[in-house]
Amino acid sequence: MNLDVDSYIYEYSLEFIGVRRNALEELSEQEGDVWINKAYVDSLKDVDLGC
């Protein structure tokens, strides 16, 4: 998938922050932090800890 930044924000903002945003400029710093945190936590689900 090859999306420009604003298309990516529009496509995934509802999933990651619970609010539809149309462009990067519409994201608040807090929303960006929430997005990064959720993406990080989601990425840990794919990690094999060898336990």
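Throughout, read-outs are computed from the coordinates displayed, never taken from laboratory work. Remember, it's a predicted structure, so these values are computed and weren't measured experimentally. So basically every Cβ, Gly included, is an ideal-geometry build from the backbone, and we count neighbours across all protein chains shown.
Axis of helix 5-17 versus longest Cα principal axis of the chain: the two differ by about 60°, to the nearest ten degrees.
How big is the Kirkwood radius of the chain, worked out from every pair of different alpha carbons and given in Å to one decimal?
Computed over Cα pairs of the chain, the Kirkwood hydrodynamic radius comes out at 11.9 Å.
The local environment of residue 30, defined by Cβ-Cβ distances under 13 Å, has a net charge of -2 under the rule Lys, Arg +1 and Asp, Glu -1. With respect to the chain, whose longest principal axis is taken over its alpha-carbon atoms, helix 29-44 is tilted by about 30°.
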